[in-house]
Amino acid sequence: MARWLTRLRDALQPPARITDAAWDALLASSALFARVSGADRIALRALAERFLARKSFSAAGGHVLEPAHALAIATLASLPVLHLGRDALAGWREVIVYPGEFRVKREHHDEHSGVVTEGEDVLIGEAWERGPLILSWADVATDLAHPFDGFNVVAHEIAHKLDLLDGAMNGVPALPPSIARREWIAAMQAGYDRLVRAAGRGRDTFIDPYATESADEYFAVVSELHFSDPAGLARAEPAVAALLARYYGGSGA
């Protein structure tokens, strides 16, 4: 479907209505939302309603998907784009929710030997370009219950979706005019290189060593920290924290 036709269809589709009772219950369920100001809460609710209207939800692995689950995921997914514009969540339509960790079959290619082996990865979240957002509900629920422990699987996967908006998962999302691409790459690359060196020397690091896998994983992991422990990120990587605060706006404060 042509992109303009998709946008026209979405524009004509009315947002889903979130009842006051459901919204109040969600806000009361996690201290995370106490950080969102009154004006931003109004905008967040509108974005969540738009998300619910434009994304299809399905359960997998025997999960029982409740309306409250969909609302929580829609709101958590909307939080990172609160200051980026509603089109930041464009280009994909499906959310798949597992009860917990899920397994994904992978092919691993050894660049040196050329040998291809098959295996399984155990995941709590995954984001595909123009494909579904896949989440473990157990981990989403844990993030709601403990929102400031440095983890936020929805923020992590939405960071990947933002990264993929330009068609390349490389740790450089579409940037606002106030952030130069050169500035972004310099700050993120420097932070990534420091983490790689520290992890390679066996040092304990504030940023999860999983972020050393690639530049795009580094962006996703530090995005989690922006929303779940911004003060800790600012102590560990002040330049990266400041850049993310400018990129995401006030939603991580």
### Query
What do you reckon, is Arg246 open to solvent by 40 Å² or more (accessible area, probe 1.4 Å), over 18 Å from the mean Cα position of the chain (by Cα) and among the basic types (Lys, Arg)?
no
### Task
Scan the range 161-183 for residues that are of a type outside the set (D, E, K, R), open to solvent by less than 60 Å² (accessible area, probe 1.4 Å), touching a residue at least 60 places away in the same chain (Cβ under 8 Å) and out of contact with any Asp or Glu (no Cβ under 7 Å at 6 or more places or on another chain) and report the count.
4
### Query
Could we say that Tyr247 is in a helix (DSSP H, G or I), over 22 Å from Thr142 (Cβ atoms) and not charged (D, E, K, R) here?
yes
### Message
I'm checking my understanding of the structure. Among residues of the range 142-155 that are outside any loop (DSSP other than H, G, I, E, B) and either of a type in the set (S, T, N, Q) or under 11 Å from the mean Cα position of the chain (by Cα) (or both), which one is farthest from Leu225 (Cα to Cα)?
### Response
Thr142
### helices (runs of 4 or more DSSP H) (entirely within the range 1-90) containing at least 2 residues that are at pLDDT below 95
3-12, 38-54
### Task
Kindly provide the set of residues from the range 56-85 that are more than 19 Å from Asp143 (Cβ to Cβ) and buried (at least 18 other Cβ atoms within 10 Å of the Cβ), ordered by number.
Leu84
### Task
Would you tally the residues in the range 91-120 being modelled with pLDDT under 75 and in a strand (DSSP E or B)?
10
### Query
Regarding Ala236, is this residue of a type outside the set (Ser, Thr, Tyr) and over 30 Å from Ser30 (Cα atoms)?
no
### Task
Please determine, by comparing only the residues of the range 121-141 that are in a loop (DSSP other than H, G, I, E, B) and either open to solvent by 70 Å² or more (accessible area, probe 1.4 Å) or under 16 Å from Ser58 (Cβ atoms) (or both), which one is modelled with the highest pLDDT.
Pro132
### Query
Looking at the range 156-173, is at least one residue more than 17 Å from the chain's Cα centre (by Cα) and part of a loop (DSSP other than H, G, I, E, B)?
no
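Quick one: would you say Ala168 is aliphatic (A, V, I, L, M) and modelled with pLDDT of 95 or more?
Working: aliphatic (A, V, I, L, M): yes; modelled with pLDDT of 95 or more: no.
So Ala168 does not fit the description; no.
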### Task
With the condition kept exactly as written, say whether any residue in the range 210-230 is open to solvent by 60 Å² or more (accessible area, probe 1.4 Å), of a type in the set (D, E, K, R) and closer than 22 Å to Val154 by Cα.
yes
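Of these, Asp193, Asp204, which one is part of a helix (DSSP H, G or I), open to solvent by 10 Å² or more (accessible area, probe 1.4 Å) and out of contact with any helix residue (DSSP H, G or I) (no Cβ under 7 Å at 6 or more places or on another chain)?
Details: Asp204 fails: part of a helix (DSSP H, G or I).
Going through Asp193, Asp204 in turn, the sole match is Asp193.
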### Summary
Gly252 passes all but one of the listed conditions (1) open to solvent by 20 Å² or more (accessible area, probe 1.4 Å); (2) modelled with pLDDT under 95; the exception is number (1)
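The values are calculated or read from the model by the stated rules, or taken from the named source; none is laboratory data. Because the structure is a prediction, the values reported are computed rather than measured. Because the Cβ atoms are built from the backbone with ideal geometry, glycine has one as well, and the counts that use them run over all protein chains shown. We work out accessible area using only protein heavy atoms, side chains counted, and drop any ligands, DNA or RNA first. Shrake-Rupley method; radii C 1.70, N 1.55, O 1.52, S 1.80 Å.
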